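Structure, as structure tokens:
Rule-based calculations on the coordinates, nothing more; no lab input. Values in this document were obtained by computation on a predicted structure and should not be read as measured data. We place every Cβ from the backbone using ideal geometry, glycine too, and count neighbours over all the protein chains shown.
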Amino acid sequence: MSVPFDPKIIARRSDADLTASPWRMVIAVGDNDTDIAGANGNVIGILTDDVKDGSSTAAFNAVQVGGIGKVKCGGAITAGVSFKADASGDAVSATADNDICMGYMLETAADGDLAACIIARHVINVA
């Protein structure tokens, strides 16, 4: 497995318990908050493994927004393909026109695996 290199990481606030969600994709919500992304959500980045419980007092979590990183896979995925968020914020293959993608897979992985990726947000244009 590859290791993260030259990550671009920002701190984002959350008032939810995200401790069970490392390496999942997140969206911006409310007033400077983050939450786990839903299917084909407008993803801003991927949580790292330094995730805190913000349910009683808002906490800041590290969110990787660029560089080489890793992501939790929500199904079988092939190296080289674009990936987007599924309903749990996990990576799945993106193939449809206008899919909002978080990046490109660097290795082939199975459901539940942590896999290396290039974090480079883009939208698929099939036409």
Rule-of-thumb check for the range 1-108: C-alpha Rg over 2.2 N^0.38 Å? 1.01
Give the percent of DSSP beta bridges with both residues in the range 5-67 that are antiparallel, rounded to the nearest 5. 95
Three-way shape label, the range 64-111, alpha-carbon gyration tensor, a/c 1.5: rounded
Amide H proximity to Gly45 below 5 Å, modelled H, separation 5+ or other chain, gives Val26
Assuming 0.36 nm per residue, please report the length gained on full extension of the stretch Arg121 to Val81 beyond their Cα-Cα distance. 13.1 nm
Nitroxide proxy distance, nm - points 7 Å out along Cα→Cβ at Asp33 and Ser56: 1.9
Round to the nearest 0.05 the FRET efficiency obtained for Asp17 and Asp97 when R0 = 25 Å and r is the Cβ-Cβ distance. 0.10
